[in-house]
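Peer 1: Questions regarding the structure given below will be posed in turn.
The values are calculated or read from the model by the stated rules, or taken from the named source; none is laboratory data. Nothing here was measured: the structure is a model prediction, and the numbers come from that model. FYI the Cβ positions are ideal-geometry reconstructions off the backbone, even for glycines, and counts take in every protein chain you see.
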Amino acid sequence: MHGALGSEGRPRRVDVRVPVDILCSKGIRLTGKTRNVSEGGMFVETALLLPVGSPVRCDVSLADSPIEVFGRIAWSRPRHPLAAAGMGIQFVGFEDRARRVLHEVVDRGDPVPSLILRENTAQILRPPRQGLILAAVFICVALATAAVMLSLLPERERAAAQPPGPAATAVSR
């Protein structure tokens, strides 16, 4: 029972999301969720990633009862904005019943479409240049005014402290 090949020459993958228990060496047990399944392997979303090449035993809740498959970690992907973290598991062995269940799931499932990343151009909002020029002019005028005020302030204080001169008394009469 050899799996059907998809359009890219690899085993046909179908979109299947079911729980998976992964047991690896040293008794480490992980849980995850399948993203897609083929007769040759599956992608499992999980936060903890195992080293590539690690042997694993997976209990997959496909169909009416779980199946047990043996595999190895073929690749892993850390979390990033466009994709979930997880691991690609290549099947290396399973019982005949598990093989039949996988074949049925792949045959009746909807194929996973090829991943086509559309280019999303992020638009960076920048204030119009005219606004920046006006802001720069305003800041320069404010700084110049503050400098003039600071230079004049001590002279006013000195003038207020001095007694009025003869010209000032002649005007006030």
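Peer 1: Please tell me if Val137 is at pLDDT below 70 and assigned to a helix (DSSP H, G or I).
Peer 2: Taking the combined requirement at face value, the residue does not satisfy it.
Peer 1: Does segment 48-63 contain at least one residue that is modelled with pLDDT under 90, in contact with a helix residue (DSSP H, G or I) (Cβ under 9 Å, 6 or more places away or on another chain) and surrounded by fewer than 18 Cβ atoms within 10 Å (Cβ to Cβ)?
Peer 2: For segment 48-63, residues modelled with pLDDT under 90, in contact with a helix residue (DSSP H, G or I) (Cβ under 9 Å, 6 or more places away or on another chain) and surrounded by fewer than 18 Cβ atoms within 10 Å (Cβ to Cβ): present.
Residues are listed down the side, and each one gets a yes or a no for (1) in a loop (DSSP other than H, G, I, E, B); (2) more than 30 Å from Gly53 (Cβ to Cβ); (3) modelled with pLDDT of 80 or more; (4) among the aliphatic types (A, V, I, L, M):
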site	(1), (2), (3), (4)
Arg100	no, no, yes, no
Val105	no, no, yes, yes
Glu119	yes, yes, no, no
Gln130	no, yes, no, no
Thr145	no, yes, yes, no
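Peer 1: Which pairs do you get when a residue that is within 15 Å of Val37 (Cα to Cα), found in segment 75-88, comes within reach of a residue that is of a type in the set (D, E, K, R), reach meaning Cβ atoms under 7 angstrom, with the pair 6+ apart or on two chains?
Peer 2: What qualifies is Gly86/Arg35; Gly86/Glu45; Gly86/Arg77.
Peer 1: Need the failing condition index for Gly40 against (1) closer than 20 Å to Asp107 by Cα; (2) under 23 Å from the mean Cα position of the chain (by Cα), just the number.
Peer 2: Answer for Gly40: the failing condition is (2).
Peer 1: How many residues, within segment 18-48, are of a type outside the set (Ser, Thr, Tyr) and in a helix (DSSP H, G or I)? If you could, list the steps in order and put the result at the bottom.
Peer 2: Filtering segment 18-48 down to residues of a type outside the set (Ser, Thr, Tyr) leaves 18-24, 26-30, 32-33, 35-37, 39-45, 47-48.
Checking the rest, the ones that are also in a helix (DSSP H, G or I) come to 26-27.
Matching residues across segment 18-48 total 2.
Peer 1: Another question, if that's okay. For segment 49-95, enumerate the residues that are touching a Lys or Arg at 6+ places or on another chain (Cβ under 8 Å), within 20 Å of Arg13 (Cα to Cα) and outside any strand (DSSP E or B).
Peer 2: Of everything in segment 49-95, those that are touching a Lys or Arg at 6+ places or on another chain (Cβ under 8 Å), within 20 Å of Arg13 (Cα to Cα) and outside any strand (DSSP E or B) turn out to be Ala84, Ala85.
Peer 1: Of the conditions (1) modelled with pLDDT of 85 or more; (2) closer than 23 Å to Asp107 by Cα; (3) touching a helix residue (DSSP H, G or I) at 6+ places or on another chain (Cβ under 7 Å), Gly71 satisfies every one except a single condition; which number is it?
Peer 2: (3)
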